[in-house]
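Contents: one structure, followed by commentary.
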């Protein structure tokens, strides 16, 4: 019987560029995902605003029939922490703000990874 293996994943936001005048698109990010020492760089990670939250979306491309598709598929175990890292850099850079909730002590950064 083989034992389950583990993989080391390291996520680094290389660049976050604010975007103005493009609807709900707030910024584009370049993110390095390092899996067991192998580096994969994702260009065009999108930071978008909705009425309720800020979303971090994977890069997309347009198919020949005109539909938009994700350019890469990532498991939730990588996608979630990547979104957290992009949001943290966005807050640190002043592109995003922390949304204060109803409680005096509580605050949240509202986000969803897509």
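Worth pointing out:
- Candidate set: segment 13-23, residues that are over 11 Å from the mean Cα position of the chain (by Cα) and at pLDDT 90 or above; chosen: the one farthest from residue 88 (Cα to Cα): 19
- For segment 69-87, filtered to residues that are in a helix (DSSP H, G or I) and touching a residue at least 40 places away in the same chain (Cβ under 8 Å), the residue that is farthest from residue 14 (Cα to Cα) is 77.
- Filtered by the rule that a residue be surrounded by 13 or more Cβ atoms within 10 Å (Cβ to Cβ) and either part of a loop (DSSP other than H, G, I, E, B) or free of Cβ contacts under 8 Å to residues at least 12 places away in the same chain (or both), segment 4-23 gives a lone residue, 19.
- Considered as a group, the residues in segment 26-68 that are touching a helix residue (DSSP H, G or I) at 6+ places or on another chain (Cβ under 9 Å), more than 16 Å from residue 96 (Cα to Cα) and assigned to a strand (DSSP E or B) include one that is modelled with the lowest pLDDT, and that residue is 35.
The values are calculated or read from the model by the stated rules, or taken from the named source; none is laboratory data. Fair warning: this is a prediction, and the values are worked out from it, not measured in the lab. Glycine gets a Cβ as well: all are built from the backbone with ideal geometry, and neighbour counts include every protein chain shown.
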